[in-house]
Amino acid sequence: MSENAQKIEPANNSEPPYERQLKLVPAKKKSFWSKNKHGILFASPWILGLLIFYAIPLFSSIYFSFTTYSILQPGEFVGLQNYKDLFTDSLFWKSVYNTVYFAVFFVPLSIIFGVALAMMLNMNVKGMGIYRTIFFLPTLVPHVALAVLWMWLLNPGFGLVNGLLSTIGIDGPAWLGSVTWSKPSLIMMSLWGIGQAVIIYLAGLGDIPEDYYDAAKVDGANWYQKMRHITLPLLTPVIFFNLVMGIIAAFQQFTLPYTLTQGQGTPANSLSFYVMYLYDNGFKFFKMGYASAMAWILFVIIMALTALVFITSKRWVHYQGK
Amino acid sequence: MIKSKKMMMKLGMVSVLTLSTVMAGCSSDSGSGATEDGKTTVTFWHSLTDSTGDAAEAVIKAFEEQNPDIKINSVYTANQGEGQNEKLLTAVSGGNPPDVAYFDRFEIGSWAAQGSLEDLSALAEESGINEETYYPFAWEEASYDGNLYGLPISTDSRLVYFNVDHFEEVGLDPENPPRTIAELEDAADKLTIKDGNRFERIGFIPWFGQGWLYGWGWSFGGEFFDPETNMVTANDPKIVEALQWMTDFGQKYNVEDIAGFTDSQGDGAMDPFLTSQLSMKVSGPWEVSAINKFKPDLNYGVFPIPTPTGEDHTTWSGGWSVVIPKGAKNKDAAWEFMKFFGGEEGQKIFSEIARDFSVIDSVNEELGYKDDPILGEFVEILPVSNNRPVMTQGSLYWNELASAVENATRGIVTPQEALDNVTEKVNKELK
């Protein structure tokens, strides 16, 4: 079916008029500007916005990372001093550790839960639209509201989570108040909002042709074999996309821990994340130069990880029709 | 073809015009400095709500009656305060600040060092305002490098609140509350009721509420800053001793269990001292309003933060001020308003409605704060109160000290190590 569609040649409208074919009329050279001016004008709000609010700050922050810029004062040029200082800053390393910890657990878990959830929400059950909506709803909750909600759920004394645990005889930990449990609590909260990823997985599942399953059925494959050899391989392009986006988002974790701890990263800096420390340096300690250096290190880390994922993707990402 | 081209041109024009109005909107000034019908408008940014908001409004009204040619445009700015001045920061760096801002005195040092506040020394001298008018710590905190950068408005102090009924229940004398650290520990021990890893009631938590290391460090006789060398001295042996005591206290009751208790508590009516789950708590005078509001029948008293010797009790005070950010357009009119707000008349109006202490001793006396059995204690200690050091990295030092307490009490590092790290890190920034 789709084979046929591909074979239809696009209609050729670009054939020049016969005067031109006979070279009776010389080709009129149009400048780039006159050819594209309307397009550029239409795109100008966006182009200007991108230049003024993204490109200029982005590239000037490279320069600022070599200075003691404080927003209020231009500061002096100090060369690589900010970068050198960062490597001996224990709180910087603590924030790197916390962020990597979060990413290492959150990203794989979000893929496992996201794919599993999407598969369940892809079943042919009555009222599926309602179930899908229910799982998507948490995504719509603003981060600040999410933080307040979970603070109550995880309240060590009166929280619902510890209340449920105590009914089965487990004395729950202090969750957000405990150095060991604060990061797992945060991961749990973040997993609650994977609706966005699930939507993408669902679209990916919808893309897998029924034919494969029919063929597998004829061959006598069970549900596990179908999932292992048809669903998962054909879902890899979507998993790949969510993996890259997930890594980027995990390294930029900010709103949730910042709201939960009033920006303090308590207890004992166990919730101090990279971007939180960056923000504090830039806007509280008058060290925007230092913060710019942190931003560029983060950029390099994310870039390197993304590149790594891209390089390995050739081995595990299977595109349909290849 | 021609028609659609014209259409395109029109649309292009429209989009450019829309954009230019947006850009113009960004640069137009937000109403400060404009003179309408001969009136000068002073823009005033503040973060005051509830009773303090009413108090500021009353001050503005009284000022405008006396100065018909000046109009105060009062703008509420959420989150203006300690370490939350992002909006003011960008306004100053963008060259479009308000004329007057309500400002945490604690940050005057670092902002003045950044050159983002107007020097008020000359204006103050002209108007005959000098340090004799205010409490010494308030004046000191509003000055940097010998120059005045803000006029103090309000202040507070910290004492230990205690539940009189709990004291009587366990046989402690509420007339003789703890004076020494040892007595405090003893009282806390008697008052605590622990069941497994849960506290039914806890006597005292040194770092709860306003139990910052500043309070304990000064009470143990330490010094946090050396103005001579412009260096912090967080690893002063006396401060290490204070943190060691806090750490030992936490270990005795198991710090994670205490965290489980404190994390379960709420604010306002849910405060553990108000719900009688906590018998003693370091807090400021504002606690009185909370108690009157949520638990008026609570039987309580206050005593100064105990010291190792039981003498030389002290505390520390913060509070607010008004400043003129650098680049303000109506400095003269702004100063008129500040002078009124920080002067005796404005202070009386503000302090009476806000129930915040004035920074002028005679105003506190006149408003009867000194005769109040609870508030009187807070006012009485003001003359010997400390202020947090005026320095360029006040916020960093504050955050580092808070982390040091967390890291030490949780047993991640020893108190000595924690405070050595703080000293090293902050001094590196001060150089």
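The values are calculated or read from the model by the stated rules, or taken from the named source; none is laboratory data. The shown structure was predicted, so the numbers you read here are calculated from the model rather than taken from an experiment. Don't worry about glycine lacking a Cβ; one is built from the backbone with ideal geometry, like all the others, and counts go over all protein chains shown.
Annotations for the structure displayed:
- Test: residue in the stretch B:368-375 that is among the hydrophobic types (A, V, I, L, M, F, W, C) and buried (at least 23 other Cβ atoms within 10 Å of the Cβ): no
- Some residue of the stretch B:163-182 being of a type outside the set (Ser, Thr, Tyr) and under 20 Å from B:Asn254 (Cα atoms): yes
Quick grid of which residues meet (1) within 14 Å of chain A (Cβ to nearest Cβ); (2) farther than 16 Å from A:Gly157 by Cβ; (3) modelled with pLDDT of 90 or more:
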{"position": "B:Lys238", "(1), (2), (3)": "no, yes, yes"}
{"position": "B:Glu256", "(1), (2), (3)": "yes, no, no"}
{"position": "B:Leu274", "(1), (2), (3)": "no, no, yes"}
{"position": "B:Gly284", "(1), (2), (3)": "no, yes, yes"}
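- Out of B:Asn197, B:Asn176, B:Asn163, one residue alone is polar (S, T, N, Q) and within 14 Å of another protein chain (Cβ to nearest Cβ). It is B:Asn197.
- You will find that of B:Val413, B:Val422, B:Val405, the residue that is outside any helix (DSSP H, G or I) and within 13 Å of another protein chain (Cβ to nearest Cβ) is B:Val413 and no other.
- Positions within the stretch A:268-295 being in a loop (DSSP other than H, G, I, E, B), touching a helix residue (DSSP H, G or I) at 6+ places or on another chain (Cβ under 6 Å) and within 10 Å of chain B (Cβ to nearest Cβ), in sequence order: A:Ala268, A:Asn269, A:Ser270, A:Ser272, A:Lys284, A:Phe285, A:Lys287
- Scanning the stretch B:301-342 for residues that are small (Gly, Ala, Ser), within 19 Å of B:Leu148 (Cβ to Cβ) and surrounded by fewer than 21 Cβ atoms within 10 Å (Cβ to Cβ) gives a single hit, B:Gly327.
- If only residues of the stretch A:125-172 that are hydrophobic (A, V, I, L, M, F, W, C), within 14 Å of chain B (Cβ to nearest Cβ) and outside any helix (DSSP H, G or I) are counted, the one that is farthest from B:Gln265 (Cα to Cα) is A:Ile170.
- Residue under evaluation B:Arg388, criteria (1) away from chain A (no Cβ under 14 Å); (2) in a loop (DSSP other than H, G, I, E, B); (3) in contact with a Pro (Cβ under 7 Å, 6 or more places away or on another chain), criterion not met: (3)
- B:Asn292 meets each of the listed conditions (1) closer than 19 Å to A:Leu149 by Cα; (2) free of Cβ contacts under 8 Å to residues at least 12 places away in the same chain apart from (1).
- All of A:Lys84, A:Lys30 fail the test of being at pLDDT below 95, away from every other protein chain (no Cβ under 11 Å) and part of a loop (DSSP other than H, G, I, E, B), apart from A:Lys30.
- Residue-level check: of (1) among the hydrophobic types (A, V, I, L, M, F, W, C); (2) closer than 29 Å to A:Trp175 by Cα; (3) more than 14 Å from every other protein chain (Cβ to nearest Cβ), B:Ala234 misses just (2).
- Number of the condition not met by A:Val244 [criteria: (1) modelled with pLDDT under 90; (2) surrounded by 15 or more Cβ atoms within 10 Å (Cβ to Cβ)]: (1)
- Which listed residue is outside the structural domain of B:Val75 (by TED's automatic domain parsing), touching a strand residue (DSSP E or B) at 6+ places or on another chain (Cβ under 9 Å) and crowded, with 20+ Cβ neighbours inside 10 Å, from B:Leu278, B:Leu274, B:Leu298: B:Leu278
Okay, residues lined up against (1) over 19 Å from A:Arg132 (Cα atoms); (2) more than 14 Å from every other protein chain (Cβ to nearest Cβ); (3) among the acidic types (Asp, Glu); (4) in contact (Cβ under 8 Å) with a residue 40 or more places away in the chain:
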site: A:Gly177; (1), (2), (3), (4): yes, no, no, yes
site: A:Leu191; (1), (2), (3), (4): no, yes, no, yes
site: A:Tyr212; (1), (2), (3), (4): yes, yes, no, no
site: A:Ala216; (1), (2), (3), (4): yes, yes, no, no
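- For first residues located in the stretch B:185-213 and of a type in the set (D, E, K, R), partners that are assigned to a helix (DSSP H, G or I) and lie 6+ apart or on another chain with Cβ distances below 7 Å form the pairs B:Arg201/B:Leu191.
- Flag for A:Gln225 being over 20 Å from the mean Cα position of the chain (by Cα) and within 27 Å of A:Ala118 (Cα to Cα): yes
- Subset of the stretch A:66-81 that is at pLDDT below 90 and crowded, with 16+ Cβ neighbours inside 10 Å - its residue that is farthest from B:Gly327 (Cα to Cα): A:Gly75
- On the stretch given as the stretch A:109-124, residues that are free of Cβ contacts under 8 Å to residues at least 40 places away in the same chain and in a helix (DSSP H, G or I) total 3.
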